[in-house]
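Visitor: Here's a structure for you.
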Amino acid sequence: MLKKNRIIRFIAAIAAVLLVLVVLSRHTHSYRDDIRRLIAPAPPRVVVMGSWLSTPRTRELMYEEVSKLVRSKPTVIEIGAWKGVNAAALLRALRPGKLILSDLWAETSDPRYKARNEDLVRKRFANEISAGIVKVRKGPSKEQIEMLEDRSIDFFYLDTTHKYELTRDELERAQRVIAPGGFLCGHNFVHDGRANYGVIPAVVEFALEEKWSITHISRKKSSTRSFCMRRMALHGVHLTPQR
Ligand SMILES: C[S@@+](CC[C@H](N)C(=O)[O-])C[C@H]1O[C@@H](n2cnc3c(N)ncnc32)[C@H](O)[C@@H]1O
């Protein structure tokens, strides 16, 4: 009888230890997830090239990485949507709840930019437009940004003229509309004197003055690099919304 009691007590002790281990491991796991969510992808400083930068090969890979850091069904905008080529990648990678596609869609000195590209975009995304996911908005970037609500955008992608003055102005205006933890991104993060690209100086000066961190730079061909920035966080901690 004594032996039987000892065995029962021994089994009960093992079961209790196992229970404690299971509970502890659950706690450790959830804290680990929370901490991972809280850790910034980059320290709060601006360094254009450095080992901490995430440098996926294409911009779509970059969107996939960023998608892990934004809330699910994010609100996304592309200013300079052209024919919707990049918009298709944004839809695939970020799975937005809402995707606003905006462009001048006017005849300009650049033969690639045409008024009829708006129709191409409307045809290309006809299903998503009728499902209420894609919204098409025509007009100059500055006006379009002004029409957006404060802190309403989780992922902002800028791809218009790439000239220094306009890009700097667009970034200044865009920061008001970025949601907490949201990303401000764009295309042609390159030095190209011939194309008169001013994206790098515009982004770096903006980031330094307004305290944003460059979190991602994609690398494919030099002329097609994209960047993403996030508002600098206190002590390097960004609050990413719960997914
Ligand atoms: C390089 S294309 C964009 C390509 C597109 N983002 C893609 O990757 O599929 C640049 C676009 O910016 C538009 N654009 C130029 N200046 C603009 C402005 N001030 N406001 C809004 N759109 C503008 C042009 O009409 C053109 O469609």
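Visitor: Among all residue pairs at least 6 apart or on different chains, which show Cβ distances below 7 Å where the first residue, located in the stretch 73-85, is closer than 13 Å to residue 59 by Cβ and the second is near the ligand (Cβ under 6 Å from one of its atoms) and part of a loop (DSSP other than H, G, I, E, B)?
Guide: Pairs found: 78/159.
Visitor: (1) among the small types (Gly, Ala, Ser); (2) more than 16 Å from the ligand (Cβ to nearest atom); (3) at pLDDT 95 or above: which one isn't true of residue 51, the others all being true?
Guide: The one condition residue 51 does not meet is (3).
Visitor: Then there is this: Kindly indicate whether any position in the stretch 133-154 is without any contact (Cβ under 8 Å) to a residue 24 or more places away in the chain, surrounded by fewer than 17 Cβ atoms within 10 Å (Cβ to Cβ) and of a type in the set (S, T, N, Q).
Guide: no
Visitor: Any residue in the stretch 120-131 that is modelled with pLDDT of 95 or more, surrounded by fewer than 21 Cβ atoms within 10 Å (Cβ to Cβ) and within 19 Å of the chain's Cα centre (by Cα)?
Guide: Scanning the stretch 120-131, I find no residue that is modelled with pLDDT of 95 or more, surrounded by fewer than 21 Cβ atoms within 10 Å (Cβ to Cβ) and within 19 Å of the chain's Cα centre (by Cα), so the answer is no.
Visitor: Here's a follow-up. Mind checking which residues of the stretch 150-180 are part of a helix (DSSP H, G or I) and either under 18 Å from the mean Cα position of the chain (by Cα) or within 12 Å of the ligand (Cβ to nearest atom) (or both)?
Guide: Result: 165, 166, 167, 169, 170, 171, 172, 173, 174, 175, 176, 177.
Visitor: Output the residues belonging to the stretch 199-224 that are surrounded by fewer than 20 Cβ atoms within 10 Å (Cβ to Cβ), modelled with pLDDT of 85 or more and part of a loop (DSSP other than H, G, I, E, B).
Guide: Once the filter is applied, which keeps residues that are surrounded by fewer than 20 Cβ atoms within 10 Å (Cβ to Cβ), modelled with pLDDT of 85 or more and part of a loop (DSSP other than H, G, I, E, B), the stretch 199-224 yields only 211.
The values are calculated or read from the model by the stated rules, or taken from the named source; none is laboratory data. These figures come from a predicted structure and were not determined experimentally. Every residue, glycine as well, gets a Cβ built from its backbone with ideal geometry; the counts of neighbours run over all protein chains shown.
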